Every structure is written in C-alpha cells, then in structure tokens.
Number of protein chains: 2
Amino acid sequence: MKRIADSTVRRLSMYLRYLEDLDTRGQQTASSDELAHLCGTTPAQVRKDLSFFGSFGKRGLGYPVHELTAHLREILGLQREWKVIIVGAGKIGAALANYRGFRQRGFTVVGVYDHDPAKVGKAWGDATIRSMDTLAQDIQREEAPIAVLAIPAENAQAVVDQIVAAGIRAILNFAPTQISVPPHVSLKSVNMAMELEGLSFALTNAGLLDQGAA
Amino acid sequence: MKRIADSTVRRLSMYLRYLEDLDTRGQQTASSDELAHLCGTTPAQVRKDLSFFGSFGKRGLGYPVHELTAHLREILGLQREWKVIIVGAGKIGAALANYRGFRQRGFTVVGVYDHDPAKVGKAWGDATIRSMDTLAQDIQREEAPIAVLAIPAENAQAVVDQIVAAGIRAILNFAPTQISVPPHVSLKSVNMAMELEGLSFALTNAGLLDQGAA
DNA sequence: AGGTGTGAATTATTTCACAGCG
DNA sequence: CGCTGTGAAATAATTCACACCT
C-alpha cells in the first residue's frame, strides 16, 4: 500500500469534522465539491485523498455522509479511546487538560504531571497533578500511548527520553525546541512562536509568500 | 524574486532560534551541517533555504553566527515590535497572553477581548479584558496588525469578518474550524485536535505514514 | 446529466553533486 | 582542503482531464 503524506492525514481529519456536522444535520450525501468548499481545498484533492483508502463514493451522487464518517473514523483510528498524559502543569498544560476538543474525539487525559513539588498533589480539573517520579511507572500501568508535552524547551529532550524509555508511542510537543525520538515513536510539534513569525514574514514581505492562507 | 514556500519560512524561524543559542554561547561560525543537525534537517536544505535570500556564508568556513542571526531577523521581519490582540479570554487565550515566547520575539499583546460581560473588566496578567464592542476601533487606534483567535469554532468566522473589516492584516487561528479571509490578510491555523488525530492515525497504521517525525 | 476514481501532466520541494572560493 | 552556492535530478504533492458508472 502506498505511503500516506502527513498533509493528506490532516485533510482527512478536516473532512471528518465537517462530515460529522453534515451528518448531525441529517444530510445524506456530499459531493467532493461540497466537501472541498467546506474544507478550503479542491474537489480533485478530496477525491484523491479518499481514493487512497477505498471507493467510498457513488458516481453521479457523491459520498454517503454517515458511512464515510464511519470510514474516516476507522481510518484515523478514532473508534477507540486513546489515553493521554499531559506533562507540564503550566498555563498551556492547563488549557490542554481542559480542552473539550480532545475528549470529544476520544482522547482521555489520564494524568497531569509536573516536576514542581509545589504543584504536585493539587486538584486540577478532573485530575490531580502528580510527580514526575511516578511518570514512567504510570505510563506502563495505565498503558497511555500518547504524551502531550507542555514544558520549557530546556528539559524537553530529557523528559522525552524518559517517557520514551517508559514506552510512550506518540508525542505531541508544545515545547519550542527540536526534539528527537527513535523511529518507532511518532512525533508532532506545535510551535506557536514559529507560527507568529510566519505571519511576521508574510506581513514584511507581502507578495513574496507562496500564498496567504493556511 | 522567487516565491518562498511556507515550509522554508518555518525552517528559517528554527535556524534563527538555534543561531541565537550559538550566538549567546559565543560561537563565531556554524556550518550548514551543524545547523542541519540542530534543526533536524539536511545541510543541503539549510544552504538552499538561505540562498534564497543571499550569500551569507564563507566557503570553507561556514556561516558567521552573529551576522546570520541579524539577517534572519530582518528577513523574518523581527527587528520591529508587532502589536498583537488576543480574542477570547478562555484557557487558551490565557495561555497565549502569558506566553513568554511571544514577547521574546517582539510580539506585544496590546489587548485581550471577550464577549462574555462577566469577564470584561477583569484584570488579567498585564492586560484588562475588554469588550468585543471596542475591538474594531481599538484595532484601528492601536494599529495592531495581528490577531490571535482563541474562541469557539461557532463564532470564529463572524469574528474574523469583524476584525478583517477593522483592518487586521494577519490572523493566527486556534479555533478548530476552517476560516476564510480576503487575499490581503495572512492566516495561519493551529488545530490541536487535528494534531492528535494525526498521532492516532500514525499509531493505528504504523508504517503507513510517510515518516514518524515532525 | 452528474460526479467519482484515477492515470497522466504539472508544479512544488528536496536532494544530489560538483564547480569554485576562501 | 572544507564548505558554500546552485543548477540539475529526483521525489513528492497537487491538479487536470476524462473514462466510466448510476
């Protein structure tokens, strides 16, 4: 089977979001054209993306909304619950721990960790902040495969090494630094300063950029 | 002049971060090889990226760290201060308003807005939360070119239309929805649920992805 | 008619490889 | 030498265009 590009997966995720909307509203079918408009892409792109995984559409009609929603959930692995731990109980950690979008999509926060002794033990939303000392054993006991990193850049790689050793399988990194993981661990990084700098560049060199959208 | 790809700009931003580190430590020069290692890319990529903007390196030696840092800051438009407003005083807005990374890079938060009357008037870090009613006139008065959107998906497009009409020039969107802007406005979106779904896909279809890194 | 599925063409991005300078 | 700068080659991603189904 062909390898799937990261950009394709992001679009699948977006298709899913809008298909769920349409499904809720009771719409039966959606054409690649309609989906493309909703998601800000092109009909050809929609069809190509979906065709990597099967033939879900009906010619002359479009895609069956409810069915395709289910297919996409399965493709993205969202039929199950994913246990997530959050490392770092600062402002960003707080925002993420309470982010409804996570729970809605089947991501359950099973633990929040901080190395600051003053924070450990404090109740925090549903969870209690735990010490980093128990992080490794918790990952193994809870079998949480995903970690969200919301800590300063300095300690990021050290913490990553620690949780990788403990068996984590995927990391969503908010620390503004390059981190490296062994090939069996998936990594995605979100860097807010970098995004703002991208806007700064766009404003400074108007017209030099590839496009103004994202 | 050639158009610059978004991926290139992100890498420039990363080069800058590490060059600043090296500069602080007093390192005089850095080779494309060293920079590539730090940033998780390839030497050829580093040289190509930089070559779009000039010939900054010395053959046989590498790039002068301090000088290149200054060049990159200029290229990215970071020699000046950028005024930023934050729309949405929820958890995410709070995290962003206090994010040191913004200030460090010359982005100053000049206002935080929320449409919830219960929140308006409350002091919040340096700023006081203001009403959305004054948003448009404030954008014009303060001449803030950048808005960070940290509001629910539902109202996102309406708020965008409002601030675009008020003259905003760039938007960093955290609302989990597709928004559209006229071509003269730059837009970047960060969607945390989408990132997690990308990890879910990677975990579910191990080996099907293009690569495990980001 | 209307809209999918897909090979082929196009365009974008990355990597190679090497001439040439310090 | 060592390392940059850069055309040329390779690879990847997107768009086209049309055969084909319902």
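The residue in chain A that lies nearest, by its beta carbon, to the axis linking chain A with chain B is given here with the distance in whole angstrom as A:Ala95, 2.
The modelled label-to-label distance between B:Ser31 and A:Glu143, using points 7 Å beyond Cα along the C-beta direction, is 4.8 nm.
In this assembly, the A-B interface accounts for approximately 6600 Å² of buried accessible surface in total, computed with a 1.4 Å probe and without ligands, DNA or RNA. With Cα atoms as the point set, the radius of gyration and Dmax of the protein assembly as shown evaluate to 22.0, 66 Å. Taking every residue in A:66-79 and counting other chain Cβ atoms within 10 Å of its Cβ, the average works out to 2. Computed from Cα positions, the angle between helix A:65-75 and the longest principal axis of chain A comes to roughly 40 degrees. Tell me the carbon and sulfur percent of the accessible area for the range B:6-75, rounded to whole percent, probe radius 1.4 Å. With neighbouring chains kept in place, the figure for the range B:6-75 is 49 percent.
Amide H contacts under 5 Å for B:Trp82: B:Phe107, B:Thr108, restricted to partners 5 or more places along the chain or on a different chain, H placed in the peptide plane at 1.01 Å from N. Charge dipole of chain A (Cα centre as origin; +1 on each Lys and Arg Cβ, -1 on each Asp and Glu Cβ, all else neutral): 520 debye, rounded to the nearest 20.
The accessible-area ordering, largest first, of the residues B:Ser189, A:Ser55, A:Ser180, B:Ser32 stands as A:Ser55, A:Ser180, B:Ser189, B:Ser32, per a 1.4 angstrom probe. A simple spin-label model places pseudo-atoms 7 Å from Cα toward Cβ; at A:His184 and A:Ala153 they are separated by 3.1 nm. Peptide A:166-173 has a mean of 3 when you count, residue by residue, the C-beta atoms of other protein chains within 10 Å of its C-beta. DSSP beta bridges fully contained in the range B:82-194 are about 10 percent antiparallel. DSSP assigns beta bridges within chain B; of those with both partners inside it, close to 20 percent run antiparallel. Each other copy holds its own label point for A:Pro152; taking that point as 7 Å from Cα along Cα to Cβ, the gaps run 3.7 nm, nearest first. Over 29 Å between Cα atoms: which of A:Lys2/B:Lys91; A:Lys188/B:Lys119; A:Lys122/B:Lys91 fall into that group? The answer is A:Lys2/B:Lys91; A:Lys188/B:Lys119. With all protein chains in place and ligands, DNA and RNA left out, the 1.4 Å accessible area ranks B:Trp82, A:Trp124 as A:Trp124, B:Trp82, largest first.
The shape of the range A:82-194 can be summarised by an equivalent ellipsoid whose semi-axes, obtained from the alpha carbon gyration tensor, come to 18, 16, 15 Å from longest to shortest. Of the residues A:Ala153, A:Gln45, A:Gly101, the one whose Cα sits farthest toward the positive end of the charge dipole of chain A, with +1 on the Cβ of Lys and Arg and -1 on the Cβ of Asp and Glu, is A:Gln45.
Separation of the range B:134-178 and the range A:24-40, taken as the distance between their Cα centroids, equals 26 angstrom. DSSP finds beta bridges in the protein assembly as shown, and of those with both partners inside it, around 20 percent are antiparallel.
Considering only A:Thr29, B:Phe56, B:Gln79, the residue lying farthest towards the positive end of the dipole of the protein assembly as shown is B:Phe56, judged by Cα position with unit charges set on Cβ. Roughly what angle does helix B:153-165 make with the longest principal axis of chain B, taking Cα atoms, 0 to 90 degrees, to the nearest 10? It works out to around 80 degrees. A helix-only calculation puts the protein assembly as shown at -13000 deg cm²/dmol for mean residue ellipticity at 222 nm, using -39500 (n - 2.57) for each DSSP H run of at least four residues, averaged over all residues. Listed values for the range B:185-193 are Karplus-derived 3J(HN,Hα) couplings in whole Hz (6.51 cos²θ - 1.76 cosθ + 1.60, θ = phi - 60°), namely 9, 8, 9, 10, 10, 10, 10, 5, 4, and x replaces Gly and Pro.
Measuring r between the beta carbons of B:Asp6 and A:Arg100 and using R0 = 25 Å, the FRET efficiency lands at 0.30.
Computed over Cα pairs, the Kirkwood radius of the range A:6-75 leads via Stokes-Einstein (0.692 mPa s, 37 °C) to a diffusion coefficient of 281 µm² per second. Of all lysines in the structure, the ones whose alpha carbon falls short of 22 Å from that of A:Lys58, not counting any fewer than 8 places away in one chain, are A:Lys48. Accessible area per residue for the range B:1-101, computed on protein heavy atoms with a 1.4 Å probe, is 50 Å². Here the protein assembly as shown is treated with +1 on each Lys and Arg Cβ and -1 on each Asp and Glu Cβ, and its dipole about the Cα centre works out to around 500 debye.
Averaged over the residues of peptide A:30-40, the number of Cβ atoms from other protein chains lying within 10 Å of each residue's Cβ is 1.
Charged side chains reduced to their Cβ positions (Lys and Arg at +1, Asp and Glu at -1) give the range A:82-194 a dipole of some 440 debye around its Cα centre.
The P(r) of chain B has a tail past 23 Å containing 57 percent of all C-alpha pairs.
The values are calculated or read from the model by the stated rules, or taken from the named source; none is laboratory data. No experiment lies behind these values; they were computed from the predicted model shown. Every residue, glycine as well, gets a Cβ built from its backbone with ideal geometry; the counts of neighbours run over all protein chains shown. Calculation scope for accessible area: heavy atoms of the full protein, side chains included, ligands and nucleic acids excluded. Shrake-Rupley method; radii C 1.70, N 1.55, O 1.52, S 1.80 Å.
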